[in-house]
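Worksheet: the structure to be examined is printed underneath.
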Amino acid sequence: MQYWQHAPAVLDWNPDTDHSPCPLASTYQLVRNVLAATVRQDRVETASGHALIIYDERNPAFWPGGDARSAYDAVYEALRHPGLLRKVSWQRVIGQLSAAADLRWLVDGLEAKYGLTNSATVLPETVGGVPGHQPAGPAKPRDRGGRSRDR
């Protein structure tokens, strides 16, 4: 796919400008996903779909100021049609899945394999001057009520 051929239809980035740094340098995968969802037969059709990013709230890269969150924000702010890129946390998805008794196996499997629950992560106001950041470290397992479990 020729990104700069299609990008102007969805992003407010001028392809005729020599960008330094290139806006695709840190956002390549997100832009690729948006274009994959919208380019049909070499034409951009913004009504044909959108890219959905499912992330783990415990991952500092998705906290405000983190690399993944910054890339998401850069693409989202540049979109001509903001609905083309959306995000949702695994924790939120699991909260919805938990309401369906026939999906209990999936909820239990996600918790057993990845430690994912429907508990929301509470981020500190600021750590080291960066909102929502805390030192990286292993995530503590949590029980169904969101309380930390020591193993």
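Computed from the coordinates by the stated procedures, all read-outs in this text should not be read as laboratory data. This one's a predicted model, so the numbers in the text were calculated from it and none came from an experiment. Every residue, glycine as well, gets a Cβ built from its backbone with ideal geometry; the counts of neighbours run over all protein chains shown.
Values computed for the structure shown
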{"item": "Solution diffusion estimate, µm²/s, Stokes-Einstein, the range 3-127, Kirkwood Rh from C-alpha pairs, 4 °C, viscosity 1.567 mPa s", "result": "79 µm²/s"}
{"item": "Residues E45, E111 arranged by fewest to most Cβ contacts within 10 Å", "result": "E45, E111"}
{"item": "Cα centroid of the range 89-112 to Cα centroid of the range 43-65, whole Å", "result": "20 Å"}
{"item": "Only Lys, Arg (+1) and Asp, Glu (-1) charged, at Cβ; the range 3-127 dipole about Cα centre in debye", "result": "300 debye"}
